[in-house]
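Let me begin by presenting the structure, written as structure tokens, before commenting on it.
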Amino acid sequence: MADKPIDHLQSVPELPELIRTKKNKPPKMAVVDEDNCTGCSACVPFCPVDCIEPVPDDKYEDAPIPPVQVRWNECIGCQVCAKVCDKLTWNAIRMIPTKVFEERYDFMVDKKINNGQ
């Protein structure tokens, strides 16, 4: 009896239709644990609002591959990046309740933003 092949990408969500605006403050925010991030950028192409990028080169002098960061005000809290990171790499993206995030990072997340052109 042949074993059925395992689909390791089954739990990775499908990309949503292109999202150009953030209509509400998200209930959770994506935060990258830079100490755990390998800089592989596996999460980048999955972000529907394109708000994940490598940290600036001057932040770490000795990092051969810099970790990524989330542009917080553009994040819609869809959790796709966290799921991709968990399934494909190192689980370096945490979803934090927005109120906790705002207190911890002293950053107020905008309710609306237009990412369209």
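Rule-based calculations on the coordinates, nothing more; no lab input. Bear in mind that the values here come from a model prediction, so they are computed numbers and not experimental data. Ideal geometry is used to build each Cβ from the backbone, glycine not excepted, and the neighbour counts take in all protein chains shown.
Cross-link partners for Lys112 among the lysines, with Cα-Cα distance under 27 Å and sequence neighbours closer than 8 places in the same chain left out: Lys22, Lys23, Lys25, Lys28, Lys83, Lys99.
Phi angles of segment 98-105 translate, via the Karplus equation with coefficients 6.51, -1.76, 1.60 and θ = phi - 60°, into HN-Hα couplings of 4, 4, 5, 4, 4, 6, 5, 9 Hz per residue; Gly and Pro are given as x. A Cβ-based charge dipole, computed about the Cα centre of segment 23-107 with Lys and Arg at +1 and Asp and Glu at -1, lands at about 660 debye. Calculated on the alpha-carbon coordinates, the convex hull of segment 23-107 measures out at 93 cubic angstrom per residue.
With contacts taken as Cα pairs under 8 Å at a separation of at least 6 residues, segment 23-107 carries a relative contact order of 42 percent.
Other residues within the sphere of radius under 13 Å centred on the Cβ of Ile65, judged by their own Cβ, net out at -2 (K and R +1, D and E -1).
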